């Protein structure tokens, strides 16, 4: 139908520890989507994994509520007055950002915003991200990836000997700094490992470095572009969950107060990483910047970064000249073009 709006289904909530973050993000995105261009609906996934056709009106806490009309897993609302359907997954962490939902959407043959199955899985698993980037010679901190069952005391003592103290301990598959600890002793390392194993059977142990936290937003598909660089100045010892989401006091400096050549190197490296990990749509590439040492070290890659107007990814694009609503529109356009291209490929099978 000429002039019909594109139907956008915002998919939010989820079973991961980042459920609440997703609800807040979804409310902000729904409010920003142009009703003249998009027919917006929402599907919430509760903590038990049930799917609900949700109300798009925020609740008292400013987040979308998970609930409403129950629906089958994978059931998406349809609008007869819309030309196209695009799903906008805002599911942070496992069972949402890790390729699982992306695989479901591929089976359903619908367009969706963000990276595909392989890229989503690679970037969610920090250990595999490091393996792929290390194979391409991308500079990183020193680390060890370990699985539950490989964490005997002598192994941990060997890691301390190899990497020194302090150390960071992280679940390999988690985001928003959930389950992350910075440790200064062997006893604290044991406790941190126990905490990380609550969230994943694989953990990452990294050397702690004296460095600044630099981030770059990337947008695109076959061709991508990078935003200006930004810097996170944590209020706590590191950029933890409270700093990110509970008003911990972290400063977001956009653009980052670094030399121009460092900012340009970060942008160029971000585009390289985006391509190596086969990202699409959006990604935020995080660096540790050792000013007096190794320079820029890639820390991690987020394929569904925080997306409120106050999150770093949209703020970086706003500083680069792309407003929040326009950024959403471009991501939806990219999703439609990518889906059409992949359909042409699969139609030949």
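The values are calculated or read from the model by the stated rules, or taken from the named source; none is laboratory data. A quick note: this is a predicted structure, and the numbers were derived from the prediction, not measured. All Cβ positions, glycine included, derive from the backbone under ideal geometry; neighbour counts span all protein chains shown.
Overview of values
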{"quantity": "Tally of residues being farther than 14 Å from residue 198 by Cα and assigned to a loop (DSSP other than H, G, I, E, B) across region 152-182", "calculated": "5"}
{"quantity": "Residue satisfying all of: in region 90-104; in contact with a helix residue (DSSP H, G or I) (Cβ under 8 Å, 6 or more places away or on another chain) and more than 16 Å from residue 46 (Cβ to Cβ); surrounded by the most Cβ atoms within 10 Å (Cβ to Cβ) among these", "calculated": "97"}
{"quantity": "Of all residues making up region 7-45, the number that are within 15 Å of the chain's Cα centre (by Cα) and either over 14 Å from residue 308 (Cβ atoms) or crowded, with 24+ Cβ neighbours inside 10 Å (or both)", "calculated": "12"}
{"quantity": "Lone unmet requirement of (1) surrounded by fewer than 17 Cβ atoms within 10 Å (Cβ to Cβ); (2) modelled with pLDDT under 95 for residue 146", "calculated": "(1)"}
{"quantity": "Which numbered condition residue 213 misses (of (1) at pLDDT 95 or above; (2) outside any loop (DSSP other than H, G, I, E, B); (3) in contact with a helix residue (DSSP H, G or I) (Cβ under 8 Å, 6 or more places away or on another chain))", "calculated": "(3)"}
{"quantity": "Among the residues listed as 64, 88, the single one being at pLDDT 95 or above, closer than 21 Å to residue 32 by Cα and part of a strand (DSSP E or B)", "calculated": "88"}
{"quantity": "Test: residue in region 106-125 that is closer than 21 Å to residue 195 by Cβ, touching a strand residue (DSSP E or B) at 6+ places or on another chain (Cβ under 8 Å) and touching a residue at least 24 places away in the same chain (Cβ under 8 Å)", "calculated": "yes"}
{"quantity": "Scan of region 204-228 for residues that are within 26 Å of residue 116 (Cβ to Cβ) and within 19 Å of the chain's Cα centre (by Cα), ordered by number", "calculated": "204, 215, 216, 217, 218, 219, 220, 221, 224, 225, 226, 227"}
